[in-house]
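Remarks on the structure that follows.
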Amino acid sequence: MESLSQTEENYLKAIFKICENEDKPANTNAIASELQMTAAAISDMLKRLSSKELVHYKRHYGVTLTEHGSQIAKTLIRKHRLWEVFLCDVLNFTWDEVHEMAEQLEHVQSSELIFRLDRFLGRPKFDPHGDPIPDADGNFEMRKQIALSALQENESGVVVGVDEHSSAFLQYLDQMHLGLGVKVKVLEIYKFDNSLKISLGAGKELTISNKVSENLLVQKK
């Protein structure tokens, strides 16, 4: 098969993420929102990807990836998340800085480079944001995790990931000392807006909004 452009690869990754999150075919509007493109441009690209047998596309129905299209998307996600680990753990970038750089690095085509990168990093299972890194066969290691907002009063959990990846949100978490590995306990749920008073241990307490608690993923303890 002919090589793909970075734009085509980005479409495949976007479709994969939408289908995974919504558990149904990706529609044109969802893809347009994810890639910040016009609906007309999306339709043209979907026809091109369909002709390359990378997607199943039916107008007014939505789009899913073929097996080969899914394999390409998983490989992109694998490379992206490995590069994020490298940028954070080796080059000491912060977790809010690495996404855009990894977006560029994920298009490196050398499979040997990615094999050695994975080995060098100790074959990590999760990236700096807590997202699972697929292995070379495209398998994800999943774990039991819930939103912090799902905990009840006096329940505890350890922060293992985030649903929101914007720099502003990650910087906010850093300021609040709510990074991965932090143990939190729900002290009080405010019925008015479902904001939470939480404890971080050592006498440190915070009040966080419902939006923040919905976007913080924890493993219940």
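Helix 111-120 sits at what angle to the longest principal axis of the chain, using alpha carbons and giving 0 to 90 degrees rounded to 10?
It works out to around 20 degrees.
If you take the charge dipole of the chain about its Cα centre, with +1 on Lys and Arg Cβ and -1 on Asp and Glu Cβ, which of N154, A41, N215 is farthest toward its positive end?
Sorting the options by dipole projection puts first N154.
Treating only the Cα positions of the chain as identical point scatterers, give the base-10 log of I(q)/I(0) from the Debye formula at each q in 0.18 Å⁻¹.
Computed log10 I(q)/I(0) values: -1.27.
Divide by every residue of the chain the summed helix terms, -39500 (n - 2.57) for each DSSP H run of at least 4, and state the resulting mean residue ellipticity at 222 nm, rounded to the nearest 500 deg cm²/dmol. Please report the intermediate quantities before stating the final value.
Numbers: 8 runs with 93 residues, N = 221.
Calculated at 222 nm, the ellipticity per residue is -13000 deg cm²/dmol.
If you average the C-alpha positions of segment 23-44 and of segment 174-221 separately, how far apart do those two centres end up, in angstrom?
34 Å
How large is the charge dipole for segment 6-65, taken about the Cα centre, if only the Cβ atoms of Lys, Arg (+1) and Asp, Glu (-1) carry charge, to the nearest 20 debye?
220 debye
Anything over 31 Å Cα to Cα? Flag those among K74/K144; K52/K79; K144/K204; K74/K197; K191/K221, in the order listed. Working shown, then result.
Details: K74/K144 21 Å; K52/K79 23 Å; K144/K204 26 Å; K74/K197 38 Å; K191/K221 24 Å.
From the list (K74/K144; K52/K79; K144/K204; K74/K197; K191/K221), the Cα-Cα distance tops 31 Å for K74/K197.
Helix 67-89 sits at what angle to the longest principal axis of the chain, using alpha carbons and giving 0 to 90 degrees rounded to 10?
50 degrees
For segment 134-163 and segment 45-75, what is the separation of their C-alpha centers, rounded to whole Å?
Centre-to-centre (Cα) distance: 29 Å.
Select from segment 55-112 those chymotrypsin sites (Phe, Trp or Tyr not before Pro) which occupy a DSSP coil region and have at most 14 other Cβ atoms within 10 Å, ordered by residue number. Before the final figure, lay out each step's value.
Values: sites: Y57, Y61, W83, F86, F93, W95; in loops: Y61, F93, W95.
The qualifying sites are Y61.
At most 15 other Cβ atoms within 10 Å and a DSSP loop assignment: could you name the GluC sites (Glu not before Pro) in segment 1-44 that fit?
Working: sites: E2, E8, E9, E20, E22, E34; in loops: E2.
The qualifying sites are E2.
Sort segment 6-65 into rounded, prolate or oblate with this rule: let a ≥ b ≥ c be the square roots of the eigenvalues of the Cα gyration tensor; rounded if a/c is under 1.5, and if a/c is not under 1.5, prolate when a/b is larger than b/c, oblate otherwise. Please report the intermediate quantities before stating the final value.
Values: a/c = 1.21, a/b = 1.09, b/c = 1.11.
Verdict is rounded for segment 6-65.
Could you tell me whether segment 102-221 comes out rounded, prolate or oblate from its Cα gyration tensor? Rule is a ≥ b ≥ c as square roots of the eigenvalues, rounded for a/c under 1.5, then prolate if a/b exceeds b/c, otherwise oblate.
On the way: a/c = 2.66, a/b = 2.27, b/c = 1.17.
In terms of gyration-tensor shape, prolate.
Just so you know, all these numbers are worked out from the coordinates, no wet-lab data involved. Being a predicted model, the structure only gives us computed values, none of them experimental. No Cβ is skipped: glycine too gets one built from the backbone with ideal geometry, and neighbour counts run over all protein chains shown.
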